[in-house]
Amino acid sequence: MFKKILIANRGEIALRIIRACRELGVETIAVYSEADEQSLHVQLADGAICIGPASSPESYLRAERIIAAAEIADVDAIHPGYGFLSEDPAFAEQCEECRIKFIGPRSESIRRMGDKATARETVRAVGVPTVPGSKGAVADPQEASHIAEQIGFPVIVKAVAGGGGRGMRLAHNPMSFQKEFAAASAEAEKAFGNGAVYIEKFIEEPRHIEFQILADEEGRVLHLGERDCSIQRRHQKVIEESPSPFMTPELREEMGRAAVKAAEACQYRNAGTVEFLVDRHRNFYFIEMNTRIQVEHPVTEEVTGIDLIKEQFRIASGEPLGLTQEEVQIKGHAIECRVCAENPSMNFAPSPGEISLYFPPGGHGIRVDSHVYGGYTVPKFYDSMIAKVISVGCDREAAIARMNRSLREYLIRGVFTNIPFARSIINDPEFVRGRFTTRFVEEFLQRTPKSLFEPPTHL
Ligand code: MV4
């Protein structure tokens, strides 16, 4: 096992990684921006190095500063967490060149799966179902039109460098196609400096179901079942759960096998996630692979009993996976709500500031992964997520009841939060029925009076 590692991240995931390291007996070095001097990850790590001013491009996104910090602290490895540099193949490559182990896949796997058109072709070649669409990127508008007509409308135009919903355009008919194709490409060029796009048939009202995988350095791959992430608002997940209420044991086995094949196709190592869309007939289609640990990993941990962060360290240090696919058992049900400092009454605008009062929920079956505390100031510079509440129960009903009571207990004053919003979803009859699609939040917002999830007006 490693002796000392550096955490190239902040917030709750930095804490989550420090906690795993403490239990493994691994020393930790935190890096932080000037806005994060008072952060818990700085306090709880064994050492901390300031890497620049508040803004991410000048701190957490500066690969060379993080590598420099790693060399000064003389660490064996870097854990990138999620976001920031976690899916930057150049950063993974620099770690490799400096003989610092990158806790994650090889840079070639990150690069391959980071190009969404290449990812599609890579998994399609080994028999994983993909959405009907173009073979790779399409540059010529005439050729694109021809492909769209062949696929049949509606089609979706996606950025090759995209993912997570950025740079996507829907075209309902041949007339609108040219416009949407050009718009998607222009948007992609502006957002990613890469205007390449590809085309897929638009799957209407799908569910978003992703599979957690683990792969050791010998290339053995396991899947740890699925997470249902259909409850999203503007491509931001709000609630995730495992298992999916839509899943059957047969479909899990079939999709799990496909997820493992997708990972094998890119010689994947360490923890990863294979994303699928599932239509009403339970047809499933690969859409993307995320080559990092994800925000919602705790729901998988709670139903499998596997500590994914510790597994990441064991795998990266060369230990083979200690269990077989048959030994992975899904037990009970877990739900996660992302708590964000934002105001649902103001179109979910971020609400940074000082937390004046803080009382997190607890008790049987509740886990809170968070870096905040009473007196902490939520900086305006980063993502607004301040906590994740994870409930676990013997079944979905029990997990829902537990989530409902814990969101009721959760006291946060000084900033607005989406807690009332999450709670009203948890209590929504359609959510409780478990029959939702990626359009759930949109439909919920249309039929639900705002007053049902307005946060208290006085802080
Ligand atoms: C799609 C789709 C329908 N058909 N692809 C959005 C994020 C990105 N990861 C993929 N996304 C979608 N791709 C085809 N061919 C619908 C979405 C989509 C979506 C997917 C998952 C969760 C929420 C979503 C909300 C809107 C659209």
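The values are calculated or read from the model by the stated rules, or taken from the named source; none is laboratory data. Note that the structure is predicted; figures quoted are calculated from it, not measured. Glycine gets a Cβ as well: all are built from the backbone with ideal geometry, and neighbour counts include every protein chain shown. For the accessible areas, the whole protein counts, side chains as well, though only heavy atoms, and no ligand, DNA or RNA atoms are used. Shrake-Rupley method; radii C 1.70, N 1.55, O 1.52, S 1.80 Å.
So the values come out like this:
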{"read-out": "Some residue of segment 226-233 being within 14 Å of the ligand (Cβ to nearest atom), under 16 Å from the mean Cα position of the chain (by Cα), of a type in the set (K, R) and not assigned by TED's automatic domain parsing to the domain that holds S391", "value": "no"}
{"read-out": "Condition broken by V378, with the remaining ones in (1) farther than 30 Å from D279 by Cβ; (2) in contact (Cβ under 8 Å) with a residue 40 or more places away in the chain satisfied", "value": "(2)"}
{"read-out": "Hey, D115 touching a Pro at 6+ places or on another chain (Cβ under 6 Å) and surrounded by 15 or more Cβ atoms within 10 Å (Cβ to Cβ) or not", "value": "no"}
{"read-out": "Any hit, segment 159-179, residues being more than 14 Å from the ligand (Cβ to nearest atom), hydrophobic (A, V, I, L, M, F, W, C) and farther than 30 Å from E254 by Cβ", "value": "yes"}
{"read-out": "All positions within segment 119-134 that are within 16 Å of the ligand (Cβ to nearest atom), open to solvent by 30 Å² or more (accessible area, probe 1.4 Å) and either of a type in the set (S, T, Y) or part of a loop (DSSP other than H, G, I, E, B) (or both)", "value": "P129, P132"}
{"read-out": "E288 vs. criteria at pLDDT 95 or above and either more than 16 Å from the ligand (Cβ to nearest atom) or surrounded by fewer than 16 Cβ atoms within 10 Å (Cβ to Cβ) (or both)", "value": "no"}
{"read-out": "Positions within segment 386-423 being out of contact with any Leu (no Cβ under 9 Å at 6 or more places or on another chain), open to solvent by 10 Å² or more (accessible area, probe 1.4 Å) and either at positive phi or of a type in the set (A, V, I, L, M) (or both), in sequence order", "value": "V392, A398, I400, A401"}
{"read-out": "Selection count where residues are more than 20 Å from S59 (Cβ to Cβ) and within 16 Å of the ligand (Cβ to nearest atom), scope segment 78-117", "value": "5"}
{"read-out": "Answer from A262, A271, A258 - the residue that is open to solvent by less than 20 Å² (accessible area, probe 1.4 Å), in the same structural domain as C337 (by TED's automatic domain parsing), away from the ligand (no atom under 16 Å from the Cβ) and assigned to a helix (DSSP H, G or I)", "value": "A258"}
{"read-out": "Checking S185 against (1) surrounded by fewer than 21 Cβ atoms within 10 Å (Cβ to Cβ); (2) away from the ligand (no atom under 16 Å from the Cβ); (3) more than 18 Å from V274 (Cβ to Cβ), the condition it does not meet", "value": "(1)"}
{"read-out": "Identity of the residue in segment 149-186, among the charged types (D, E, K, R) and within 20 Å of E87 (Cβ to Cβ), that ends up farthest from the chain's Cα centre (by Cα)", "value": "K158"}
{"read-out": "In segment 136-168, the residues that are surrounded by fewer than 16 Cβ atoms within 10 Å (Cβ to Cβ) and in a strand (DSSP E or B)", "value": "R166"}
{"read-out": "So V339, is it crowded, with 19+ Cβ neighbours inside 10 Å and either at negative phi or at pLDDT 95 or above (or both)", "value": "yes"}
{"read-out": "Test result for A137, more than 14 Å from the ligand (Cβ to nearest atom), within 22 Å of E187 (Cα to Cα) and in contact with a Phe, Trp or Tyr (Cβ under 8 Å, 6 or more places away or on another chain)", "value": "yes"}
{"read-out": "Filter result for the condition that a residue is in contact with a strand residue (DSSP E or B) (Cβ under 8 Å, 6 or more places away or on another chain), open to solvent by 40 Å² or more (accessible area, probe 1.4 Å) and in a helix (DSSP H, G or I), over E326, E311, E302", "value": "E302"}
{"read-out": "Scan of segment 193-221 for residues that are open to solvent by 10 Å² or more (accessible area, probe 1.4 Å), in a loop (DSSP other than H, G, I, E, B), more than 16 Å from the ligand (Cβ to nearest atom) and of a type outside the set (G, A, S), ordered by number", "value": "N194, E217, E218, R220"}
{"read-out": "Any pair with Cβ under 7 angstrom, 6 or more apart, that starts in segment 231-256 at a residue that is within 26 Å of R124 (Cα to Cα) and ends at one that is within 11 Å of the ligand (Cβ to nearest atom) and β-branched (V, I, T)", "value": "S244/I209; F246/V278"}
{"read-out": "Residue that is at pLDDT 95 or above, among the hydrophobic types (A, V, I, L, M, F, W, C) and in a helix (DSSP H, G or I), where the choices are A30, A69", "value": "A69"}
{"read-out": "Residues satisfying the stated conditions in segment 72-95, i.e. assigned to a loop (DSSP other than H, G, I, E, B) and either assigned by TED's automatic domain parsing to the domain that holds G164 or farther than 20 Å from T291 by Cα (or both)", "value": "D74, V75, D76"}
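Quick grid of which residues meet (1) among the small types (G, A, S); (2) open to solvent by 30 Å² or more (accessible area, probe 1.4 Å):
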site: G25; (1), (2): yes, yes
site: I29; (1), (2): no, no
site: S39; (1), (2): yes, no
site: Q43; (1), (2): no, yes
site: S55; (1), (2): yes, yes
site: Y60; (1), (2): no, no
site: S86; (1), (2): yes, no
site: E93; (1), (2): no, yes
site: E96; (1), (2): no, yes
